[in-house]
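Just below is one structure, and these are the notes that go with it.
Every number in this text was worked out from the coordinates using simple rules, so none of it is lab data. Everything numeric here is computed off the predicted structure, so don't read it as measured data. Virtual Cβ from ideal backbone geometry, glycine too; neighbours counted across all protein chains shown.
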Amino acid sequence: MLNSVKISHRQSEIRQSLAALVGKTELTDDETRSMESLDNEYRQNETKYRAALISEDEERREAGKELETRSDREWSNLMTGFEMRQVALALDEGRSLDGRTAEIVSELRSKGGYRGMPVPWEALELRAGETVASGTPDPIRTVPIIDRLFASSVAAQMGASMINIDSGEVEYPVTSSSVAAGWANGETANVAGPSAYATVDRPLAPDNTLGIQMRLTRKSLKQSGAGLEQAVRRDMNGAISEALDAAVFQGSGSAGEPTGILAGASGWSITETDVSAAADYSVFRAAAVRFMTANAASGTQNVNLLLRPEIFDSMDADLISGTAVSQWDRLTAKIGKVILSSNALAAPTGDPAESSAILTTSVGGVPPIYVGTWGAIDLIRDPFSDAQSGGLRLTALTTMDVTISRAVQIEVLTGLQ
């Protein structure tokens with residue numbers, strides 16, 4: 001037991017004893033001496049109690065961190081034993097789930113309704129030994145409640161965080177007030193008048209459902225064995241990651257899609273700058289300076305930049321006069337992270353062909369973009385479509401939405417030629 005707790009218990013006992021003595025109309029000499037002794041001890045314990053709290057402060061913080069993340073780590077450790085193959089065989093042959101897979105599925109079912117077999121998001125992560133286009137995956141957690149995006153996802157590289165929600169809607173209040181300090185103009189003058197502290201809500205709503213269909217032939221089910229586990233995971237990972245990236249940045253907000261950064265920029269008051277000129281280093285430098293002057297970034301190394309590959313092609317071919325240094329070399333030397341994607345941004349259009357770019361930055365650990373997912377992935381078997389060939393058709397459904405934190409952490413550039 002901590003010393004501060006022991007002292008607190010003793011103080012409580014002293015107060016009870018003093019209360020009993022104070023209630024008496026006449027005190028004996030022994031009771032008077034006892035009261036003086038208890039009062040003296042109480043004052044000494046107050047000093048000891050404050051000293052104990054100071055000495056135990058570090059220990060309390062460490063204990064708090066342990067309690068905050070313990071359940072999260074236990075769930076992650078349990079997730080390493082989840083087998084997609086068991087889920088596929090359970091849907092195909094009715095085989096019973098066992099081990100950690102059965103435990104995880106049971107836990108997910110207790111938290112939400114699923115027509116098929118619930119599959120946790122962590123199960124789609126590529127396991128050790130596998131690689132993706134950008135190298136070995138390295139998922140990062142920012143806080144215990146925030147789940148992982150796919151490691152190769154463009155949204156993850158641009159600073160977005162995936163948040164898993166059991167049910168209902170979630171709102172993130174973001175400060176929107178312009179409270180400012182002011183000096184008093186004279187000895188008896190007042191300081192600046194009161195300013196309202198205001199916030200704006202950034203809601204995530206379960207209005208958008210993403211679906212994937214997969215066909216597993218009878219031959220693959222019989223031949224693949226444990227290899228089917230990795231094949232299904234890779235296929236679902238790639239399909240969901242591709243669709244998610246396109247939705248986060250290009251989502252139209254109609255026809256079932258969530259509203260992405262480009263379509264929602266005006267509604268979220270995100271700065272949009274029409275360049276209408278050839279892409280060069282000065283264009284992106286000016287955008288980074290706007291971030292810094294708005295206190296959204298402390299330097300260019302904190303800025304993430306998303307571009308089309310065609311922009312790289314034109315900038316890398318544009319050499320600075322009299323040197324072998326291209327505009328692309330200058331850009332990558334100054335900007336923190338430059339990501340190229342043909343999926344997250346639309347292909348250039350027009351004559352001359354024009355493209356868009358997106359800049360983001362994280363401030364104080366707050367991501368610029370939130371991607372909300374509801375529950376787990378609902379994996380449903382279709383027993384009829386491939387019944388004649390003995391195959392297995394699976395449909396994976398997930399509900400998701402996109403919102404931003406502060407508009408000042410994002411900027412959109414259009415008209416990049």
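Couple of notes before you dig in:
- Which of Arg15, Arg406 has the fewest Cβ neighbours within 10 Å, and the rest in rising order: Arg15, Arg406
- Here the chain is assigned +1 on the Cβ of each Lys and Arg and -1 on the Cβ of each Asp and Glu. Its dipole about the Cα centre then comes out at about 780 debye.
- Full-extension gain in nm, Arg290 to Leu397, via 0.36 nm per residue minus C-alpha separation: 34.5 nm
- Rel. contact order, % - alpha carbon contacts under 8 angstrom, at least six apart, the range 282-417: 26 percent
- In the chain, a dipole from Cβ-located charges (positive for Lys and Arg, negative for Asp and Glu) runs towards its positive end, and of Phe284, Ser96, Leu359 it is Ser96 whose Cα lies farthest in that direction.
- Comparing Gln250, Gln157, Gln44 in a Gaussian network model of the chain, where Cα atoms under 10 Å apart are tied by springs, the biggest mean-square fluctuation is seen for Gln44.
- The chain: relative contact order as a whole-number percent, Cα under 8 Å and 6+ apart: 20 percent
- Cα long-axis angle, helix 3-22 against the chain (0 to 90 degrees, to the nearest 10): 40 degrees
- Gain in span if fully extended, Ser269 to Ala205, counting 0.36 nm per residue against the direct Cα distance: 21.1 nm
- Taking the fewest neighbouring Cβ atoms within 10 Å as the starting point, the ordered list for Tyr49, Tyr197 is Tyr197, Tyr49.
- Residue-count net charge about Leu319 - beta-carbon cut-off 15 Å; Lys, Arg +1, Asp, Glu -1: -4
- GNM top mover of Ala255, Ala297, Ala52 - the chain, alpha-carbon springs below 10 Å: Ala52
- Residue among Ser55, Ser106, Ser153 with the largest mean-square fluctuation in a Gaussian network model of the chain, springs linking Cα atoms under 10 Å: Ser55
- Theoretical FRET efficiency, 1/(1+(r/R0)^6), r = Cβ-Cβ of Glu107 and Ser342, R0 60 Å, to 0.05: 0.95
- Magnitude of the charge dipole, the range 302-417, Cβ model with Lys/Arg +1 and Asp/Glu -1, debye to 20: 420 debye
- Here's the picture: charge each Lys and Arg Cβ at +1 and each Asp and Glu Cβ at -1 in the chain, and of Leu392, Ile165, Val22 the one pushed furthest to the positive end of that dipole is Leu392.
- Helix-only [θ]222 nm of the chain, DSSP H runs n ≥ 4, -39500 (n - 2.57) each, per residue, nearest 500: -12500 deg cm²/dmol
- Charge-dipole axis of the chain as Lys and Arg at +1 and Asp and Glu at -1 on Cβ define it, positive-most pick from Leu416, Val87, Ser269: Val87
- Taking other C-beta atoms within 10 angstrom as a stand-in for reagent exposure, Ile320, Ile7 fall in the order Ile320, Ile7, fewest first.
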